[in-house]
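Just below is one structure, and these are the notes that go with it.
Any read-out appearing in this document is the output of simple, stated calculations on the displayed coordinates, not a laboratory observation. Worth saying up front: this structure is predicted, and the values here are computed from it rather than measured. Glycine gets a Cβ as well: all are built from the backbone with ideal geometry, and neighbour counts include every protein chain shown.
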Amino acid sequence: MSVEAQDLKLLANDNRGQSGLENGSGLVGWEEVTQGSVLQSFDGNATGIALKKQEERAYSGYNSYTATVASWRIIKPVYNRDVCIDCQNCWVWCPDTSIISRDKQMLGIDYDHCKGCGVCVEVCPTNPKSLLMYGENTPMEDALSAWPEKKKKEK
Amino acid sequence: MAITSVKNLKEFSTNNDRLEGAHTLCPGCAHSMIVRELMNCTDDNLVISSNTGCLEVSTAVYPFTSWDTSWIHIGFENAATAVTGAEVMHKVRKKKGTLPDNDAPVKFVAFGGDGSTYDIGFQWLSGAMERGHDFTYICLDNENYANTGGQRSSATPIGATTSTAQAGTHSYGKKEKKKDIVAIMAAHGAPYVAQLAPNKWKSMAKGFQKALETEGPCFINTVSPCTTEWRFDPKDTIHITDLATESLMFPIYEIIDGHELNILYRPKNIIKVDDYLGAQGRYKHLFKPENRHVIDLIQSDIDKYWTMLQRREEARI
Ligand SMILES: Cc1ncc(C[n+]2csc(CCOP(=O)(O)OP(=O)(O)O)c2C)c(N)n1
Ligand code: SF4
Ligand code: SF4
Ligand code: SF4
Ligand SMILES: [Mg+2]
């Protein structure tokens, strides 16, 4: 996958990661919240949300989907499509819902919600790995152009 | 019930997540791996309640929620009480026909940490199990009160150092053994009780589905390695869980109707508990010569428990 494709918002028309945790939309001090107020996590009817993909959902500004924790990261996973076998190990074990998979294919990383724990890299079975950790500020092209070669099995 | 396919990971991955990112659990925390899996193994509507603890406070950071389901934020002890109250209300309204959609399938689930499950919410949980509600209780067992700084709970194993049972020159850490919550819940006669682990994603998903499908109160204890209090690198959460299941510190099994026991995972090469303990900072002091007897005790308890599980399974009663 090209660097541009990894960098762009993988999901179209999407309000993912717009606000920091400290400045959510419509935030008022707790003492101003009146009894009985309702903060809806979706705009409009939320029926059947399990059958909708993230890009089809109308997330409200109170859903943490619209917030970001990107600033927590000091290292980031970089994804190399060329080696990936779409096994979905990274998807099932990511604790931050940050592996974007659609139709059995791994598409990339949700950098608004990834905290850089490195679990996805550890569980990636390919040789060389399809995911590797780099410093947060390492440019994608530098990481991808210096991808390690296949390692021989140690005896 | 609309269970989703868990035939293989590729099919499982076509589910649409219902626990959103930008919660504030530590990087590498297993709590959210377990919760995501529960929510991905069904398409049914879910009504979930959480006892106070890391999961609860981290997924409801004002003004945000990370839950794409109905979710009840409740005290330290009453997740079981709250969700079974909702379950009764749902039953009554269904009977009266006053629900917006009377046919929509709904499942009721409670999450609690070990502190709330084994200790503080114990009688509330026991009551809900005994009353026979149709719900599933899932304990996220990280063997300590993580959210308040790592105090010992009755789920903390002997020998672990915690902020209230510290290892030092005169102590090897916690002196008491871990409470056997799975046996206690099975003794309630619950139709489905299990111990599951996130590294074995398939047996965990299948166990969750079984619990959701089973009518009546079900209980599942899940191993939830805590990178902060167990003291290991966040990237190693699944590796640590592997060591837990390969050493049989956490055997994976289910008990049906309070008596029929099935082992769900048998390690090919059982590893020594030293490998599991040695990978975590909370057990570091046990490797001093004067504490060797504690490791030996843990190992012999594991061996005995595994023998007991196998005999119970063979007995087919
Ligand atoms: C009655 C009561 N006592 C104490 C507390 C403080 N408290 C909040 S979370 C917590 C620890 C939770 O531990 P556990 O249930 O194991 O969940 P974990 O954070 O480890 O996931 C404590 C002691 C409380 N909220 N209510
Ligand atoms: S580094 Fe951690 S949070 Fe980020 S994508 Fe990988 S597993 Fe998920
Ligand atoms: S774990 Fe590795 S090989 Fe498997 S889907 Fe993720 S990136 Fe691809
Ligand atoms: S302290 Fe432990 S249980 Fe709590 S969020 Fe951190 S890793 Fe998870
Ligand atoms: Mg705990």
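Counting charges near B:L277 (Lys, Arg +1; Asp, Glu -1) among other residues having Cβ under 12 Å from its Cβ returns a value of +2. Exposure proxy ranking for A:K153, B:K179, B:K107, B:K7, based on other Cβ atoms within 10 angstrom of each Cβ and starting from the fewest, stands as A:K153, B:K7, B:K179, B:K107.
Per-residue mean of foreign Cβ neighbours for B:57-63 is 5 (Cβ atoms of other chains, 10 Å radius).
Net charge in the neighbourhood of B:T52 (other residues with Cβ under 15 Å of its Cβ; Lys, Arg +1, Asp, Glu -1) is -4. Close amide-amide hydrogen proximity is noted between A:Q18 and A:A67, each under 5 Å apart and 5 or more residues distant or on a separate chain (H modeled in the peptide plane; Pro and chain starts excluded). At the listed q of 0.11 Å⁻¹, the Debye profile of the protein assembly as shown, built from one uniform point per Cα, gives log10 I(q)/I(0) equal to -0.92. Of the peptides B:91-102, A:113-124, the ranking by mean beta-carbon count within 10 Å, highest at the top, reads A:113-124, B:91-102. Springs between alpha-carbon pairs under 10 angstrom, Gaussian network model over chain B: which of B:L297, B:L38, B:L140 fluctuates most? Highest fluctuation of the listed residues: B:L297. For the stretch B:11-315, the extents of the C-alpha atoms along the principal axes are 68, 50, 39 Å, listed from largest to smallest. Would you mind counting up the charge near B:L19? Only other residues with Cβ under 12 Å from its Cβ, with Lys and Arg at +1 and Asp and Glu at -1. Every neighbour counted, the sum reads -3.
Counting neighbouring beta carbons within 10 Å and listing from fewest to most, the residues B:C29, A:C84 come out as A:C84, B:C29. Let me have the 222 nm mean residue ellipticity of chain A computed from DSSP H runs of 4+ only, each contributing -39500 (n - 2.57), with the sum over all residues rounded to the nearest 500. Value at 222 nm, helices only, nearest 500: -2500 deg cm²/dmol. Per residue of A:113-121, other chain Cβ atoms within 10 Å of the residue Cβ number 6 on average.
Taking a ≥ b ≥ c as the square roots of the eigenvalues of the Cα gyration tensor, the stretch B:168-209 is classed as oblate, since a/c reaches at least 1.5 and a/b does not exceed b/c.
Here the stretch B:216-268 is assigned +1 on the Cβ of each Lys and Arg and -1 on the Cβ of each Asp and Glu. Its dipole about the Cα centre then comes out at about 140 debye. Across peptide B:42-48, the average count of Cβ atoms from other chains found within 10 Å of a residue's Cβ is 2.
Non-local lysine pairs in the stretch B:49-179, meaning eight or more places apart or on different chains, with alpha-carbon distances under 29 Å, amount to 5. Which shape class applies to the stretch B:100-247: rounded if a/c is under 1.5, otherwise prolate when a/b exceeds b/c and oblate if not, where a ≥ b ≥ c are the square roots of the Cα gyration tensor eigenvalues? Cα axes put the stretch B:100-247 in the prolate bin.
When each of B:S49, B:S126 is scored by the number of other beta-carbon atoms lying within 10 Å, the sequence from fewest to most is B:S126, B:S49. Length, then width, then depth: along the principal axes, the Cα atoms of the stretch A:3-145 run 56, 32, 25 Å.
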